[in-house]
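Okay, so here's the structure we're looking at.
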Amino acid sequence: MARLSPENEAIAREILSRYPRRRSALIPLLHLAQEQDGYLAEDAMEHVAQLVGCTPAQVLGTASFYEMFKLEPVGRYVVNICTDIACMLLGADELLHHAEEQLGVRAGQTTADGAITLEGVTCIAACTEAPCLQVNYRYRYRMTPEAFDQLCDDLRAGRAEDVPPHGTLATVRQRIPADRAAGPADPSSGAEPAWMKGASTGGAA
Ligand code: FES
């Protein structure tokens, strides 16, 4: 799958309806594309460009700025081991080395079974719980080599129920009714947004 599926295109159009300018929906639509495929496929980025009204190069320029957007396929689980100062002082380098040995890959690579991509990253803002890691952006604190091995077993066996496949940021999707959406009107036009009209006539709370 690459272009957004019909179901995801419908979600994309609902997201677009929340913004006065279509381009403002670029980041949420990129997350939707990454949720669909696990990474940002070229066709999906082209589709997003069409939907928001810019060029594929502009989409790529935005996506490539953010580390969370992956431009190549990754494993079902992306494990980010923090190697910044607090974690380093409490054994992060040893933990990363252990992870490389256990998984048979170097940081930045994906295991042969496509299950796990390993990354060493800078501070993930949980310094008081060092050494720590994220798996698909879900935190694991005060990690030990044994806890890492258990985590990998749990991931491969589908026992880590709080960790969705890579690309899924939230398991609950925000929905905004059409009459509460900002609508695709240029804010500089001076036209009153749909939701304001509803409020001024008492039609919407
Ligand atoms: S140094 Fe590792 S979370 Fe801050």
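Restriction of the GluC sites (Glu not before Pro) in segment 6-101 to DSSP coil positions whose beta-carbon has at most 15 other beta-carbons within 10 angstrom yields E67. Overall, the ratio between the Cα radius of gyration of segment 27-83 and 2.2 N^0.38 Å, rounded to two decimals, is 1.14.
Each Lys or Arg adds one and each Asp or Glu takes one away; over the other residues whose Cβ falls under 11 Å from the Cβ of P56, this sums to -3. In this rough spin-label picture, where each label sits 7 Å from Cα along the Cβ direction, the Y139-I27 distance is 2.0 nm. Only helices enter this figure: runs of n ≥ 4 DSSP H residues, each worth -39500 (n - 2.57), summed and divided by the residues of the chain, yield -11000 deg cm²/dmol at 222 nm to the nearest 500.
Among the protein heavy atoms of the chain, carbon and sulfur supply 54% of the accessible surface, probe 1.4 Å, non-protein parts ignored. Residues in segment 87-100 carry Karplus couplings, in order, of 5, 4, 5, 10, x, 5, 4, 5, 5, 5, 4, 4, 4, 4 Hz; the curve used is 6.51 cos²θ - 1.76 cosθ + 1.60 with θ = phi - 60°, and Gly or Pro positions show x. Compute the signed sum of charges (Lys and Arg +1, Asp and Glu -1) over the other residues within less than 10 Å, Cβ to Cβ, of T122. Neighbourhood net charge equals -2. Rounded to two decimals, the Cα radius of gyration of the chain over 2.2 N^0.38 Å is 1.23.
Applying 1/(1 + (r/R0)^6) with R0 = 41 Å to the Cβ-Cβ distance of S5 and D149 gives a FRET efficiency near 0.65. Shown here for segment 110-205: trypsin sites (Lys or Arg not before Pro) in loop regions (DSSP other than H, G, I, E, B) with at most 11 other Cβ atoms within 10 Å, namely R159, R173, R175. Kirkwood radius and radius of gyration were both taken over the C-alpha atoms of segment 83-201, and their ratio Rg/Rh is 1.24. With R₀ set to 45 Å, the beta-carbon distance separating R175 from E100 gives a calculated FRET efficiency near 0.60. Count Lys and Arg as plus one, Asp and Glu as minus one, and take only other residues whose Cβ is under 15 Å from that of H166; the net charge is then -3. Subtracting the Cα-Cα distance of R156 and E67 from 0.36 nm times their residue separation leaves 29.6 nm of extension gain. Estimated at 0.36 nm per residue, the fully extended path between I85 and S189 surpasses their Cα-Cα distance by 32.4 nm. Note on segment 103-171: along the principal axes its Cα atoms extend 33, 30, 21 Å, ordered by decreasing extent. Summary of the geometry: segment 73-137 and segment 172-197, compared by the centres of their Cα atoms, lie 41 Å apart.
Checking every one of the trypsin sites (Lys or Arg not before Pro) in segment 1-97 against DSSP loop status and a limit of 13 other Cβ atoms within 10 Å picks out no site at all. Take the chain with all the other protein chains still there, run a 1.4 Å probe, and you get 54 Å² of accessible area per residue. Within the chain, which is the longest segment that contains none of the chymotrypsin sites (Phe, Trp or Tyr not before Pro) sitting in a DSSP loop with at most 12 other Cβ atoms within 10 Å? Counting only loop sites that pass the neighbour cut-off, the longest clear stretch is 67-140.
The values are calculated or read from the model by the stated rules, or taken from the named source; none is laboratory data. Not measured: the values here are computed from a predicted model. Virtual Cβ from ideal backbone geometry, glycine too; neighbours counted across all protein chains shown. Note: areas computed on protein heavy atoms with side chains; ligands, DNA, RNA excluded. Shrake-Rupley method; radii C 1.70, N 1.55, O 1.52, S 1.80 Å.
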